[in-house]
1. Between copies, how far does the label point of residue B:16 sit from its twins, in nm, shortest first, when each point is 7 Å from Cα along Cα→Cβ?
2. Excluding residues fewer than 8 places away in the same chain, name every one of the lysines whose C-alpha is closer than 30 Å to that of residue B:105.
3. Averaged across the residues of A:160-172, what count of C-beta atoms belonging to other chains lies within 10 Å of each residue's C-beta?
4. Contour minus end-to-end for residue A:100 and residue A:78, with contour as 0.36 nm per residue of separation and end-to-end as the Cα-Cα distance?
5. Scan chain B and note any complete DSSP helix (H) whose C-alpha atoms cover at least 24 Å along its axis and whose Kyte-Doolittle average is 0.0 or more.
6. If we hang a label 7 Å off Cα along the beta carbon direction at residue B:69, how far is it from the matching labels on the other copies, in nm, shortest first?
7. For label points placed 7 Å from Cα toward Cβ, what is the shortest-first list of nm distances from residue A:89 to its copies?
8. For chain B, which longest stretch is free of loop sites, where a loop site is one of the trypsin sites (Lys or Arg not before Pro) that DSSP puts outside H, G, I, E and B and that has at most 16 other Cβ atoms within 10 Å?
Number of protein chains: 2
Amino acid sequence: MSIRRERKDALEHRQLILRTAHDLFSEHGVQPVSMHQIAKTAGIGQATLYRRYAHKGDLCLDMLYDYSHQLMNQINLFLEEHRNEPPAFRLGGIVDHWVDAIEEKADLIIAMESKMSCEDDRGNFFHSPMYRFFRDRMSEILSEMLVSDSQQPIDTDFAAHSIICSMSPIGYFHMKQEKGYTVEQIKLHFRRLFTFYAHPRMAQ
Amino acid sequence: MSIRRERKDALEHRQLILRTAHDLFSEHGVQPVSMHQIAKTAGIGQATLYRRYAHKGDLCLDMLYDYSHQLMNQINLFLEEHRNEPPAFRLGGIVDHWVDAIEEKADLIIAMESKMSCEDDRGNFFHSPMYRFFRDRMSEILSEMLVSDSQQPIDTDFAAHSIICSMSPIGYFHMKQEKGYTVEQIKLHFRRLFTFYAHPRMAQ
DNA sequence: GATTTAAACGGACAATTGTCCGGTAAAGTT
DNA sequence: AACTTTACCGGACAATTGTCCGTTTAAATC
């Protein structure tokens, strides 16, 4: 009774699927390409595709895997380089990176998010390493900010989660299109809003 | 050349659809009921249904119409009654009402939101009266809070929009299930987080 | 009330998503 | 190397979503 490792052909198929999907998405965009089309183009059965990926959102999540690691590395580097800057500055840096990522991978991110029902674990963004990374890094920074004398302690994980939600691609693009803000303006507004925690002025 | 008003049978069908959908949703839940099933049960054609509602999310949005007006009235009443309380208190009240609404109408709201692509106007939550109502009320309250001496003015519409996004049902239920918070704990955390704008303590 | 107009109808059709199950072949066992 | 096990394969099938188009009929005009 030993653990069977993944079959060689299964691994090849996974790579084939990712390559095929990438090519099709590049050529036609994300939304117009169907799962059937991906399977057919890759020359594999429908079920083989669905066995790997529960739905297109799940596939997109995996396609973002490399990019997300790249992004996490960039951010870690940024945080390392600016470790002596005030927390608000570092939080702002994360915001900037995140917004840039949305701009660059909008199609994939939206396709991913729009398929997420609440129940199913598989392909749920909130269970991805990227979500945890963002939440944990932000949570740490928020802790630094709030270490002081607040009589009402803020739950920093909760706050980080809220910040991530408020920077959802859907909401982001609504802001951009509806109000006509530029990318830089939105970044600025986010930075001001979130770093209000760090440099608050007494109101009223 | 005059404007033709809506045909009588069209109106009847609209009401029939809403009633049928309500009954089916009550019996089986929202997600398992298909558009085909709704049309068939109502005794109308597929196209007749789709002509009214672009997709199930659009239908859900309309089903929330009455409830949303009720909710808006409740909140207006609340704001009226507590107009002399500090803005943070009033913002907190809105949060409470919103969370209660999510709890009560979760299925419909999630079905609605999960169908929203960015482009199509029809059935987009961000174009609904409810969104505008929440954004505008919150924006007003935030203005009161921030009227003071901030050298970096916060865009209150932007802030209100962000708050709405951070209270999205998907994010809310993730918090609730994953971290095991009770409804009241989440309300409290939201209140603290958002009203941090109003009673901030200097950090660092 | 007959005629015209076009909004509305609905069933059939096309496309996409998601599942089943008999068969295949790779990994472990002797 | 032959055998056993079982993860994996893939095409066919079922369900759901979304659209087309010839026909009907309510409403405006005469």
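1. 5.1
2. Of all the lysines, those that pass the test against residue B:105 - Cα under 30 Å, at least 8 places apart if same chain - are A:56, A:115, A:176, A:179, B:40, B:56, B:115, B:176, B:179, B:187.
3. Values: counts 0, 8, 13, 4, 3, 12, 11, 3, 6, 1, 9, 7, 4.
The mean count of partner-chain Cβ atoms within 10 Å per residue comes to 6.
4. Details: separation 22, 0.36 × 22 = 7.92 nm, distance 1.43 nm.
Once the chain is fully extended between residue A:100 and residue A:78, it gains 6.5 nm.
5. Answer set is B:87-113.
6. Reported distances to equivalent positions: 5.5 nm.
7. Reported distances to equivalent positions: 4.1 nm.
8. So the longest stretch without any such site is B:123-200.
A short reminder: the numbers here are calculations on the coordinates, not readings from a lab. These numbers come from a predicted model, not from an experiment. Neighbour counts are summed over all protein chains in view; Cβ atoms, including those assigned to glycine, are modelled from backbone coordinates with ideal geometry.
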